[in-house]
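These notes are about the structure you will find just below.
Here, each number is a calculation from the coordinates, and none is a lab measurement. Predicted model only: the values in this text are computed from it and were never measured. Positions of Cβ are generated from backbone atoms using ideal geometry, with glycine treated the same way; all protein chains shown enter the neighbour counts.
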Amino acid sequence: MVIYLDVLALVNLAMDYILLLATARIAGVFVPRRRLLAGSVLGAVYAVFAVLPATAFLKGGVCELAAGLGLVALVFAPCKGRLIRVAVVFGLVSCACAGAVMALGQATGAVFRVDGAYYLDVPLRVVAPAALLCWCASGFLFRGAAGQNGQERASAAVELCFAGKCERFHLLCDTGNTLYEPVTGRPALLLDRYAAARLLPAELAGIVSGLRADNAGDQMTRLPETWRTRFCLLPYRAIGQTGGLLLAFRLDAVHMEGGQTACTLAAISAERVAGGRYDGLIGV
């Protein structure tokens, strides 16, 4: 059988990206797409070298296991304390995908794997349904299942408006969110800095993207004079922390599907909420 290295590389690039993305979704962790893509490139390079005569030893089980663990460690390095669980999920997803591909190959007589690497030597009409089925099973049906111990958490679709711009956000409903305006006592919702940057004008988005847990006051002083009246510093307390300040801005309008909210102030968090599965928090 003639193996075309360019086809081998492209197919494994796509498959590795799907496997890494499915692992992130199932494990309930957030990983930037550029890290997933970088990991996919490394996986494709490994697959190409594994079929070359001079580096055929890479096809061994020990080498494949070491490569898989190394790939998980590199791609999911930001998920400190959760690498073991992510590695187990990646192994299960990889085995499930490989088994499905082998079964499909047996049923159709087509070639999907060569020397342990994925290969495409079949019509697109056969591959497309298989890819769609695997995506639905791993990326949709079990999205975030491992991160939530199999339990669905209540969330809400909320439309927020600021300075003439409106954006929709996916917020986690949290009974423990007690953020409120000190003067009026009205509740405040929470957005992570990436979500807030989508709503705010470009001149403010850069300042917000530089937020950290301890520099809200410094970022407040960097705001243009024309916008400072729309912003404030909101005190907060959290479990295991002595407290601090959050940069917050006043919204023009808040529209919540399936419910009502008194929130008119949005605080900005420097950290992702639930590993990036939600854009923020809203009290219920």
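Rounded to whole Hz and in sequence order, give me ³J(HN,Hα) for the stretch 188-201 from the Karplus expression 6.51 cos²θ - 1.76 cosθ + 1.60, θ = phi - 60°, writing x for Gly and Pro.
3J(HN,Hα) across the stretch 188-201, in whole Hz: 10, 8, 10, 10, 6, 5, 6, 5, 4, 5, 5, 8, 7, x.
Return the long-range amide H neighbours of residue 31 (sequence gap of 5 or more, or a different chain), with a cut-off of under 5 Å between placed amide H atoms.
none
Which of the trypsin sites (Lys or Arg not before Pro) found in the stretch 158-248 are loop residues per DSSP with 15 or fewer other Cβ atoms within 10 Å of their Cβ? Please list the in-between numbers first.
Working: sites: 165, 168, 193, 198, 212, 222, 228, 230, 237; in loops: 212, 222, 237.
Passing sites in the stretch 158-248 are 212, 222, 237.
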